[in-house]
Each structure stands twice: as structure tokens, then as C-alpha cells.
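K.L.:
First, the structure itself, so that you have it in front of you.
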Amino acid sequence: MARYKDEQCRICRREGQKLFLKGSRCYSDKCSISRRNYAPGQNGQKKKKLSEYGTQLREKQKTKSYYGVGEKQFRRYFAMASNKKGITGDNLLQILESRLDNVVYKLGFGSSRAQARMLVTHGHFDVNGKKVNIPSYLVKPGDVISVREIKKDSGAIKACIEENSARPVPTWLEKDENALSGKVVRLAAREDIDLPIEEHLIVELYSK
């Protein structure tokens, strides 16, 4: 899957808000939004009025950036959400929240979703006692995500846990600090997701 590999802060500036793509840096004075709150490029400071389509497209791009997924995968998630019972927009966000890399991030084992994705890919985690190195793996209620025994002394894991110790764990997850594990109590509901996403705009975009 093609992935954006340029400066992450440019994405936040393009969307005009913090997407928290770089962990603790986003909370510091080094955050680009705090210093240059305008779009990148020589015409970045010019205000542009977006069309209806442009507004919908930016919302989709912003959501993709939050979760670090590409267009093809995002379309697949939307198709899954459309085929499920319930509200399509809510279903879409629930699927995105269920990704293993997002759950690892929410449990505080990664400073950002990008770092959590890297740790998963490098085989740092088990799901129900079995090694899983696929960031897009979708967890289910009852699943237990744990740091693999041979990785518990990893400097990266220890640094993340210490750095994110004060970050609250969402109510749909349970965290065991001592065992370095977490359990999926239930799937995330819309009220559990605090990201500033207007999912109805994405539904309108794909419904055209």
C-alpha cells in the first residue's frame, strides 16, 4: 500500500488542525500548527473557499490521515460499513477504531498511531496469545492484546509506556499495567470517539 512518507506536520497544516501524528511533539511548542497555522506552500496563507465536494473530500482525507490508511483500504472499510446494520458513518469509525495499530495506540503502547503501526509490524504484540504483525487486523470483543514476552524489555516499549502513562484509556478497552496487556471489552461506539470527524460528509461523498 502506498503511504505518505513526507513531513507529517504538513498534513496537519493542510487540514488546518492537529491530527496528533507525531505523539508528544504535537503537545509541545514545536508543533507546526502552533507556529505556522496555515497550509504549506507559497499560496498557503491565501484563504480558499471550498466547494461542497471539496469539503467532503477534505473530511475523507483528514480521516485517512488520522488512522494512517490508504484510499483502497479506506474504500474497503466503507463497503464493510455500508453492508453492516446501523448508521454507515458510525460503522465506518467503529471499524477504523478496531484496527490493531489503533488499539495499541489507545492502550498507550505507542506515542502515535504511526509508531504503534511500526511496533505491530515488527512483531511486538500478541492477540489472544498468538503473534500478530498486521496493523490492519480488526480486533473483536474479548480479544486480549499483549506485549510479547520476549519484547517486554524493549526500550521502545518501555519509553512509550512511561511517556503515555497519564493518557486515559477509553472505556471500551481495559488495560493491565503490570501484565502489559489490554482487553477489548466492546467495540467503540460513536460517543467513544473524540476525533473531530464529520463522518456524514464522507458518506455523502461516496454516495454520489
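The values are calculated or read from the model by the stated rules, or taken from the named source; none is laboratory data. Only a predicted model underlies this, so the values are computations on that prediction, with no experimental measurement involved. So basically every Cβ, Gly included, is an ideal-geometry build from the backbone, and we count neighbours across all protein chains shown.
K.L.:
If K47 satisfies every condition in (1) at pLDDT 90 or above; (2) farther than 28 Å from I134 by Cβ; (3) surrounded by fewer than 21 Cβ atoms within 10 Å (Cβ to Cβ) but one, which is the exception?
P.N.:
(1)
K.L.:
I've got another one for you. If the requirement is being closer than 25 Å to P135 by Cβ and more than 13 Å from the chain's Cα centre (by Cα), which of these qualifies: T55, T88? Give the derivation first.
P.N.:
Values: T55 fails: closer than 25 Å to P135 by Cβ.
Every option except T88 fails the conditions.
K.L.:
What residue, among those in segment 96-134 that are among the aromatic types (F, W, Y) and more than 9 Å from the chain's Cα centre (by Cα), is farthest from E163 (Cα to Cα)? Break it down stepwise before answering.
P.N.:
Of segment 96-134, the ones among the aromatic types (F, W, Y) are 105, 109, 125.
Checking the rest, the ones that are also more than 9 Å from the chain's Cα centre (by Cα) come to 109, 125.
Working: F109: 9, F125: 19 Å.
Among those residues, the one meeting the criterion is F125.
K.L.:
Moving on. State whether the residues of segment 177-191 include one that is touching a strand residue (DSSP E or B) at 6+ places or on another chain (Cβ under 6 Å), modelled with pLDDT under 95, assigned to a loop (DSSP other than H, G, I, E, B) and surrounded by 14 or more Cβ atoms within 10 Å (Cβ to Cβ).
P.N.:
Yes, segment 177-191 has at least one match.
K.L.:
Can I ask one more? The conditions are (1) free of Cβ contacts under 8 Å to residues at least 24 places away in the same chain; (2) more than 16 Å from I193 (Cβ to Cβ), and Q73 fails exactly one of them. Which is it?
P.N.:
So Q73 meets the others, but not (1).
K.L.:
Kindly evaluate S154 against the criterion of being more than 26 Å from R58 (Cβ to Cβ) and of a type in the set (S, T, N, Q). Quick ask: steps written out before the conclusion?
P.N.:
Values: more than 26 Å from R58 (Cβ to Cβ): yes; of a type in the set (S, T, N, Q): yes.
Spelling it out, S154 is indeed more than 26 Å from R58 (Cβ to Cβ) and of a type in the set (S, T, N, Q).
K.L.:
Filter segment 137-176 for residues that are more than 25 Å from V69 (Cβ to Cβ) and of a type in the set (S, T, Y); which is surrounded by the fewest Cβ atoms within 10 Å (Cβ to Cβ)?
P.N.:
S165
K.L.:
Please enumerate the residues belonging to segment 65-93 that are of a type in the set (D, E) and either in contact with a Cys (Cβ under 6 Å, 6 or more places away or on another chain) or crowded, with 16+ Cβ neighbours inside 10 Å (or both).
P.N.:
Keep residues of segment 65-93 that are of a type in the set (D, E), which gives 71, 90.
Correct list: D90 only.
K.L.:
Considering only segment 142-161, state which residues are in a loop (DSSP other than H, G, I, E, B) and at pLDDT below 90.
P.N.:
Scanning segment 142-161 gives K152, D153, S154.
K.L.:
Among the numbered criteria (1) free of Cβ contacts under 8 Å to residues at least 60 places away in the same chain; (2) assigned to a strand (DSSP E or B), which one does R167 miss?
P.N.:
(2)
K.L.:
Return a yes/no flag: does segment 95-104 have any residue that is surrounded by 22 or more Cβ atoms within 10 Å (Cβ to Cβ), of a type in the set (V, I, T) and out of contact with any Lys or Arg (no Cβ under 9 Å at 6 or more places or on another chain).
P.N.:
For segment 95-104, residues surrounded by 22 or more Cβ atoms within 10 Å (Cβ to Cβ), of a type in the set (V, I, T) and out of contact with any Lys or Arg (no Cβ under 9 Å at 6 or more places or on another chain): present.
K.L.:
Could I ask something else about it? From the set of residues in segment 94-136 that are closer than 11 Å to G68 by Cβ and aliphatic (A, V, I, L, M), which is modelled with the lowest pLDDT?
P.N.:
A114
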